[in-house]
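S.K.: First, the structure itself, so that you have it in front of you.
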Amino acid sequence: MGKFILAHDLGTSGNKVTLFSLDGKQGASCLYEYPTRYPKQNWVEQNPDDFWKAVCLSTRQLLEETRLSGSDVAAVCFSGQMMGCLLVDSEGNPLRPMIIWADTRAGTQEAEMEQKLGMNYVYRTTGHRISASYSAAKLLWVRDNEPEVYHRAYKMLHAKDYIIYKLTGKFVTDYSDASGTNLFDLVKKRWDKNILDTLGISPALLPEAHPSTDNAGGITLEAARETGLVEGTPVIIGGGDGSCACVGAGVVSEGSAYNVLGSSSWISLASAAPVYDPELRTFTWVHLDPGLYTPCGTMQAAGYSYNWYKNTLCGGEIAEAAKNGGNPYRLIDNGASEAAPGAGGLLYLPYLLGERSPRWNHEARGAFVGLSITTSKGDISRAVLEGVGFNLKIILQILEQGAVAQGGIDKVIMIGGGAKGAVWLQILADIWQKPLVVPVYTEEATSLGAAVCGGVGIGAFKDFSVICQFNGPVKTITPHQELAPVYEKLFGIFNRTYDSLLDVYHRLASLRTT
């Protein structure tokens, strides 16, 4: 057996491949970026050929830089962006660009699903409310708008499923990714016949669903030539990025909680059973461990908000960072840290891509409310960070009230790129009034979760509890209790502001469709 597990994380901005030794130590990693296209309002697409190119080139680069051979790799495993819709023919050739998770074009199809199936039935069956964000509505959009593509389609895949086909020739998915389609029975762990029949979707269009730790097959000779790996190397299916992040954060026993602060952001728990919110605001995935679930709430534009703000309104910081070899985000953070908590009464609503949990409103849009002649650049910077924190607080409160969180949530483990930002973490701790724990691996936690899955899949690890040895805490951010009244008051105003803009969002949406 080889000495390393190769973990691929097929994210929104690129593929990151990382080596992990069988004792959980991170080795080298390589990132290959690919573009995202926005052809129309609410349309977000990527070219699946870019995924394959990224996997091949990053794997070869990693092996070359580490002077390892393909025989040193014991297994390959995947984390991937979820809730996509990629249609391929029987030879695995993509028939159109992949409609990715952030795409919400399928509002008409969402309404059709609700009319035919009912929101409660789908929520109770799949663990998710009906939404244009999920794969089913996207699939129906293709059927309704690109029928020639739909009728040529052999399978609908997610990002990692496509790469697994390219490596092994097998059309498979795992329970965690399947649970993000609005088509999968969460408890029975199979495609739901009633939903498929009602929507007129053939079950043959869907790949076989397996536990995340199943071996999809060995790498083919052709794939070995393209990647530099050895023919026959086991490919463990892995899971959606959310479920991999859950394991990587160390959330493998009931009740522990974590937050991923990335392009999107989510807060999640581990649970022995699905958790159904009476107001249908949160949802439940299948954990990488098929005996667990991950109740969760995901917002669309967390890091996206920060990135948009940097690129749109922070040209000075970008120029200064380029001149001095610094990081523009750190310069923005410095300004935010100098602003008073509450950003001088400025609120930012982080709905640049509509919103999933907790609002479930694809018409929602971002806004700054409370600008005045005295508003500083630092206030605006802080408002962006606080706005994301307020939105996530709604999710945290819902989960804390859930049956799984016995005794409440006493801390939140922080992972993702945003976990590097000390200013943002302190703001979140102050808004949530929870200690935030930063583990050894933050940005690499999702890849580590995939690696642990791979290790369990080949028998190198007994079970997922091994992660507790690999990714322990390194620091804790304690909330400033004296700021609780300030942020609690602003939190209430934040929610009232959103409610007040509902009619405005709807009127603006009607203009975009004319």
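S.K.: Search the stretch 466-482 for residues that are closer than 25 Å to residue 456 by Cα and pair each with any residue that is crowded, with 19+ Cβ neighbours inside 10 Å and among the aromatic types (Phe, Trp, Tyr) when their beta-carbon atoms are under 6 Å apart and the residues are at least 6 apart or on different chains.
M.R.: 471/441
S.K.: Let me ask another. Which numbered condition trips up residue 312, out of (1) of a type in the set (Ser, Thr, Tyr); (2) in contact with a helix residue (DSSP H, G or I) (Cβ under 7 Å, 6 or more places away or on another chain); (3) modelled with pLDDT of 95 or more?
M.R.: (2)
S.K.: Is there any pair with a first residue in the stretch 416-436 that is closer than 15 Å to residue 257 by Cα and a second that is part of a helix (DSSP H, G or I) and among the basic types (Lys, Arg) whose Cβ atoms are under 7 Å apart and which are 6 or more apart or on different chains, and what are they?
M.R.: 432/393
S.K.: It is to be established whether one or more residues within the stretch 459-480 are modelled with pLDDT of 95 or more, under 19 Å from residue 350 (Cβ atoms) and crowded, with 22+ Cβ neighbours inside 10 Å.
M.R.: Taking every residue of the stretch 459-480 in turn, none turns out to be modelled with pLDDT of 95 or more, under 19 Å from residue 350 (Cβ atoms) and crowded, with 22+ Cβ neighbours inside 10 Å.
S.K.: Same structure, new question: Of the numbered conditions (1) closer than 30 Å to residue 213 by Cβ; (2) aliphatic (A, V, I, L, M); (3) touching a Gly at 6+ places or on another chain (Cβ under 8 Å); (4) surrounded by fewer than 17 Cβ atoms within 10 Å (Cβ to Cβ), residue 486 satisfies every one except a single condition; which is it?
M.R.: Checking residue 486 against (1) closer than 30 Å to residue 213 by Cβ; (2) aliphatic (A, V, I, L, M); (3) touching a Gly at 6+ places or on another chain (Cβ under 8 Å); (4) surrounded by fewer than 17 Cβ atoms within 10 Å (Cβ to Cβ), the one that fails is (1).
S.K.: Take the residues of the stretch 255-265 that are within 15 Å of residue 424 (Cα to Cα) and at pLDDT 90 or above: which is surrounded by the most Cβ atoms within 10 Å (Cβ to Cβ)?
M.R.: Per the criteria, the residue is 260.
S.K.: If you take the residues in the stretch 127-138 that are touching a Leu at 6+ places or on another chain (Cβ under 8 Å) and not in a loop (DSSP other than H, G, I, E, B), which one is farthest from residue 198 (Cα to Cα)? Talk me through it step by step, then tell me what you get.
M.R.: Going residue by residue through the stretch 127-138, those that are touching a Leu at 6+ places or on another chain (Cβ under 8 Å) are 127, 129-130, 135-136.
With the extra rule that they be not in a loop (DSSP other than H, G, I, E, B), the set shrinks to 135-136.
Working: 135: 16, 136: 12 Å.
Top of the filtered list is 135.
S.K.: Six or more apart or on different chains, Cβ under 6 Å: which pairs go from a residue in the stretch 20-39 that's acidic (Asp, Glu) to one that's in a loop (DSSP other than H, G, I, E, B)? Could you list them?
M.R.: These pairs meet every condition: 33/13.
S.K.: Restricting to the stretch 84-108, and then to whatever is over 21 Å from the mean Cα position of the chain (by Cα) and of a type in the set (Asp, Glu), can you tell me which residue is nearest to residue 356 (Cα to Cα)?
M.R.: Per the criteria, the residue is 89.
S.K.: Filter the stretch 275-294 down to residues that are of a type outside the set (A, V, I, L, M, F, W, C) and surrounded by 21 or more Cβ atoms within 10 Å (Cβ to Cβ), then give me how many there are.
M.R.: 6
S.K.: Something else: Against the definition (under 21 Å from residue 422 (Cα atoms), in contact (Cβ under 8 Å) with a residue 24 or more places away in the chain and of a type outside the set (Phe, Trp, Tyr)), how does residue 342 come out, yes or no?
M.R.: yes
S.K.: Are there any helices (runs of 4 or more DSSP H) wholly within the stretch 192-257 with 1 or more residues that are in contact (Cβ under 8 Å) with a residue 24 or more places away in the chain, more than 27 Å from the chain's Cα centre (by Cα) and under 26 Å from residue 69 (Cα atoms), and if so which? Talk me through it step by step, then tell me what you get.
M.R.: Numbers: elements: 193-199, 221-227, 241-248.
Output list reads 221-227.
S.K.: If you don't mind, there's one more thing I want to ask. When you go through 454, 416, 402, 408 one by one, which is the residue that is closer than 21 Å to residue 160 by Cα and either touching a helix residue (DSSP H, G or I) at 6+ places or on another chain (Cβ under 6 Å) or at pLDDT below 95 (or both)?
M.R.: Values: 454 fails: either touching a helix residue (DSSP H, G or I) at 6+ places or on another chain (Cβ under 6 Å) or at pLDDT below 95 (or both); 402 fails: closer than 21 Å to residue 160 by Cα; 408 fails: closer than 21 Å to residue 160 by Cα.
Checking each option against the conditions leaves just 416.
S.K.: The conditions are (1) in a loop (DSSP other than H, G, I, E, B); (2) aliphatic (A, V, I, L, M); (3) free of Cβ contacts under 8 Å to residues at least 60 places away in the same chain, and residue 364 fails exactly one of them. Which is it?
M.R.: (3)
S.K.: Looking only at the stretch 131-169, which residues are among the hydrophobic types (A, V, I, L, M, F, W, C) and modelled with pLDDT under 95?
M.R.: Here is the first cut: in the stretch 131-169, the ones among the hydrophobic types (A, V, I, L, M, F, W, C) are 132, 136-137, 139-142, 149, 153, 156-157, 159, 163-164, 167.
Selection gives 132 alone.
S.K.: Restricted to the stretch 129-139, and to residues that are of a type in the set (A, V, I, L, M) and in contact (Cβ under 8 Å) with a residue 60 or more places away in the chain, which residue is surrounded by the most Cβ atoms within 10 Å (Cβ to Cβ)?
M.R.: 136
S.K.: Does residue 352 fit the bill of being of a type in the set (A, V, I, L, M) and farther than 19 Å from residue 317 by Cβ? Break it down into steps so the answer makes sense when it comes.
M.R.: Numbers: of a type in the set (A, V, I, L, M): yes; farther than 19 Å from residue 317 by Cβ: yes.
When the stated conditions are applied, residue 352 passes them.
S.K.: May I pose another question? Residues that are within 22 Å of residue 413 (Cβ to Cβ): which helices (runs of 4 or more DSSP H) entirely in the stretch 435-514 hold 2 or more of them? Break it down stepwise before answering.
M.R.: Working: elements: 445-457, 467-470, 484-500, 502-512.
Once the helices (runs of 4 or more DSSP H) in the stretch 435-514 are filtered for at least 2 residues that are within 22 Å of residue 413 (Cβ to Cβ), what remains is 445-457, 467-470, 484-500.
S.K.: A further question on this structure: Taking the stretch 189-218, which residues are in contact with a Lys or Arg (Cβ under 9 Å, 6 or more places away or on another chain) and at positive phi?
M.R.: Within the stretch 189-218, 200, 217 qualify.
S.K.: Going through 347, 353 one at a time, which residue ends up being on the phi < 0 side of the Ramachandran plot, at pLDDT 95 or above and not basic (Lys, Arg)?
M.R.: 347
The values are calculated or read from the model by the stated rules, or taken from the named source; none is laboratory data. All of these numbers come straight from a predicted model, not from anything done at the bench. Every residue, glycine among them, receives a Cβ derived from its backbone with ideal geometry; neighbour counts consider all protein chains shown.
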